[in-house]
Every structure is written in C-alpha cells, then in structure tokens.
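Participant: Here's a structure for you.
The values are calculated or read from the model by the stated rules, or taken from the named source; none is laboratory data. From a predicted model like this one, the values you see are computed outputs, not experimental measurements. Note: ideal-geometry Cβ built from the backbone for every residue, glycine included; neighbour counts use all protein chains shown. Ligands, DNA and RNA are stripped out before the accessible areas are found, and what is left, the full protein with its side chains, is counted by its heavy atoms. Shrake-Rupley method; radii C 1.70, N 1.55, O 1.52, S 1.80 Å.
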Amino acid sequence: MHVHQPTFVGPVTELLDLSKKNGVDILKIRLSEITSDYLAGQQNINEIGQFLVIVSALCFLKSQRLLFEETESFEEEATFFQDIEDYKLHKEASLWFSDKLEFSDNIFFNIPAVDDEQEKEIEVSLSNLILHVTEIFLSKEEKGEIIIDEMRVSEKIEEIIKRLAEIKRISFINLIANLRDRIELVVTFLALLEMVRSELIRAVQYKPFAPIWIIRR
Amino acid sequence: MDNQKIKAIIEALVFASPEPLTIKKITDILSERESVVKEAIFGLQNDLILRGIELVYVAGGWRLQTRPEFSEWIKRLKPTKKIKLTKPSLITLSIIAYKQPVTKQEVEVVRGVNSDGPIEHLMNLGLVEIAGQKKAPGNPYLYRTTKKFLSLLGLGDIGALPRIVTLYSSEVTE
C-alpha cells in the first residue's frame, strides 16, 4: 500500500523502515490519514494482517517518540521490533518449508512402520487414563492466589467437540497441554470420561505405553 | 568380508528397513568398522547413479528412495497423499524448527496471535511433538520437530536447515 504524506510518499513498509532509522520524522506523519485512506480503498484480504502489523508498529514508534526523548534507549522498543523482524524472517522461511513439502510429494520410499501400527488401535483402559491424568495432576503445582473459577463439564465437552470437529483425532497430551490449573485439568478429565461413556469419543494407543489419542466417533 | 558383499548387504538392509538406518545400526549388524561401512555406503551411492532409486541421508540415517525425476510415473502407479499446510501452520512450523525446543507462548510472541490450532494440526500430522516441560512458572510444554519432519523434508538432521537470515536475504534481493 502506498502512503501520500507531506513528508513521505511511498510504500508503507518503506515508511516503517525509514522511521525506525530516523530517516523520516514519525511525528510529522499523520497515521489516522494512512488508516483512513486504507479503509477507504479496496482491501486485499491477504494483506490486511500485514498492514495491521506495520501500522501498529508505526503507532508504537510514534507513541515512543511522543513520550520520550529521542536519545533515550528503549529496550522495549528494541524487543518489539525484534519480534516483528523475527516474524518477517519466519514468514519468508515458511515459503522454503512450503516448497520442501511440495517437493516431498515427488519422492517415494518405504512407508514407516508407524503407519502400520496406526491401523492396530488399542483401546485405553480407564485405569491407564487415570494413571496418566494423576501424573499430570501432580506435575501441575498450584502456587499463589487461588481464583475460584466456575467451569462446567458440559462447556468443556462442547469445547472438545469443537476442537475435534475439524480434525478427527487429537493427542491426549496436546488436549491438556495448555490448561490453566488443576481445576481445569479435573474438569477436562471428567468431560473426557463422560464423552467416552456417551460414545462420542474413543481413547486409543497404537502400541503399549505409546501416547494416547482421542478420536471422535 | 569383501567390499562388494558389504555393499550388497547394506543395500538389502536399507531396503528392508521401515525407517532411515543409522550407521551405528549397520556397523552393529555387520560387525564391521564404521570407516568400512561408510566407504561401502559411498560406493553404493555411486553404483546407484544411473538407477531409478538413490541412497540418501535423512533423519539421522540412510534411506533408499525413488529419484524425484521419476515421480510422474510413480504417481500413475499409486495416488499420493500430499501434506498441504496453511500459512499460519507453515510459519508456526518454521518458528518451532528454528527455535526448538520452544514453548507455545514463545511461538505466540513471534506470531502475535494464539497458536493452539496450528500446533495441534502440526502434532496431528506428526511433524511436531512435545519435548518436555520448561522449568519456568507453570511448567509449560516444550515443542520440537519430529523425525518424520526430517524424513519428509529430506533433511539429515536439524542442523541441515538453511540459515534463516540467508533465506530472507535471498528473497529480498530477488
């Protein structure tokens, strides 16, 4: 997207680069005009995210310049821009991964044994499931303030159904990987038990002691 | 054992193995020195130059695979299941591959958005796995790429990934 300002005319990405290097005085750039122009024009769905990132970076930069003297060093600012640079690098690198995956379609080799094993599902027993949850329960230390959080098993069931709607299966460890605390773990476990009982899901392993997978029926 | 026989045995072993075969495994089976096995492997690679298959180093071991230039014919023989990832999943895969082991929160700092979905998808495809828990408040899970990831991308080990800055610079100069 192009920017037309009294002190700068050119792509918005260049404006950000120059502003970072003090090549353009960000205080003389009217950001509201840039966003208004953008909204008035025709937006490309693929570029909206990138535009938001750039404009928020410009906002951040301008607010820093307004609040502090230019000579001060801003650790926070450096981290912020490092994160943006990191994102740009990984966005470019993702193209390489995409090419590699595309190319992998042209190579054939012996199918790993894992695929054979996946056909042989072993139903996970209740005691095995409880053993897994107990281990995880004990590893989740409760520290600090205890917040009473009302969480319903039915809501958790809905959440799991939603997650399983797009993908057929999910690993048990992934399902509980980012739970906030022990209470949410217990609620999730009760939800899983209810779902197994109602025959909404199955809990399986592909070999003894292997990770547990939750599969929707 | 003469070199010709060692090459033939290695060829048979790699052919029969369901996963890339490590040098250590081959030396253990053959009871030969590592240098002898390595020499035989390079000889075998050379022997296969004009053939439809090749011997390559991927995911820490050796694998026999078809040459990419013959894929057109093989696809007529059997349909393929292509792994297609969305942009968010590809960026998440890149972050995990280069920063591993990494927590979900660290991935989210770079991406700026919640990454539950992409990580879950990558785990379901077997490209990413849990590597343990970080010794930090909340003991968050650490994620890393799998052997299947290396195998699929044809990489010997994670060190074979191109330097990320190089990738970016080449794109910029184009």
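Participant: Please indicate, with yes or no, whether at least one residue in the stretch A:111-123 is modelled with pLDDT of 70 or more and at the interface with another protein chain (Cβ under 7 Å from one of its Cβ atoms).
Facilitator: Scanning the stretch A:111-123, I find no residue that is modelled with pLDDT of 70 or more and at the interface with another protein chain (Cβ under 7 Å from one of its Cβ atoms), so the answer is no.
Participant: So, in the stretch B:68-86, of the ones that are part of a helix (DSSP H, G or I) and at the interface with chain A (Cβ under 7 Å from one of its Cβ atoms), which residue ends up least open to solvent (accessible area, probe 1.4 Å)?
Facilitator: Going through the stretch B:68-86, the residues part of a helix (DSSP H, G or I) turn out to be B:68-77.
Next, only the ones that are at the interface with chain A (Cβ under 7 Å from one of its Cβ atoms) stay: B:68, B:71, B:74.
Values: B:68: 31, B:71: 13, B:74: 31 Å².
Ranking the qualifying residues of the stretch B:68-86, first place goes to B:71.
Results for (1) of a type in the set (A, V, I, L, M); (2) in the same structural domain as residue A:85 (by TED's automatic domain parsing); (3) touching a Gly at 6+ places or on another chain (Cβ under 6 Å); (4) open to solvent by 90 Å² or more (accessible area, probe 1.4 Å), shown as yes or no for each residue.
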{"position": "A:6", "(1), (2), (3), (4)": "no, yes, no, yes"}
{"position": "A:10", "(1), (2), (3), (4)": "no, yes, no, no"}
{"position": "A:13", "(1), (2), (3), (4)": "no, yes, no, no"}
{"position": "A:17", "(1), (2), (3), (4)": "no, yes, no, no"}
{"position": "A:31", "(1), (2), (3), (4)": "yes, yes, no, no"}
{"position": "A:36", "(1), (2), (3), (4)": "no, yes, no, no"}
{"position": "A:45", "(1), (2), (3), (4)": "yes, yes, no, yes"}
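Participant: Which condition number does residue B:106 fail, the rest of (1) at the interface with chain A (Cβ under 10 Å from one of its Cβ atoms); (2) surrounded by fewer than 20 Cβ atoms within 10 Å (Cβ to Cβ); (3) not polar (S, T, N, Q) being met?
Facilitator: Going through the list (1) at the interface with chain A (Cβ under 10 Å from one of its Cβ atoms); (2) surrounded by fewer than 20 Cβ atoms within 10 Å (Cβ to Cβ); (3) not polar (S, T, N, Q), residue B:106 breaks only (1).
Participant: Suppose the filter is within 19 Å of the chain's Cα centre (by Cα), more than 9 Å from chain A (Cβ to nearest Cβ) and open to solvent by 20 Å² or more (accessible area, probe 1.4 Å); does residue B:52 pass it?
Facilitator: So residue B:52 fails the test.
Participant: May I pose another question? Quickly run through the stretch B:1-49 and pick out the residues that are within 14 Å of another protein chain (Cβ to nearest Cβ) and either part of a helix (DSSP H, G or I) or farther than 20 Å from residue A:110 by Cβ (or both).
Facilitator: The answer is B:11, B:12, B:13, B:14, B:15, B:16.
Participant: Out of B:159, B:117, I need the residue that is open to solvent by 60 Å² or more (accessible area, probe 1.4 Å) and over 19 Å from residue A:103 (Cβ atoms). Which one? Spell out how you get there, then give the answer.
Facilitator: On the way: B:117 fails: open to solvent by 60 Å² or more (accessible area, probe 1.4 Å).
Just a single option satisfies the conditions, and that option is B:159.
Participant: Kindly establish whether residue B:63 is among the basic types (Lys, Arg) and more than 17 Å from the chain's Cα centre (by Cα).
Facilitator: no
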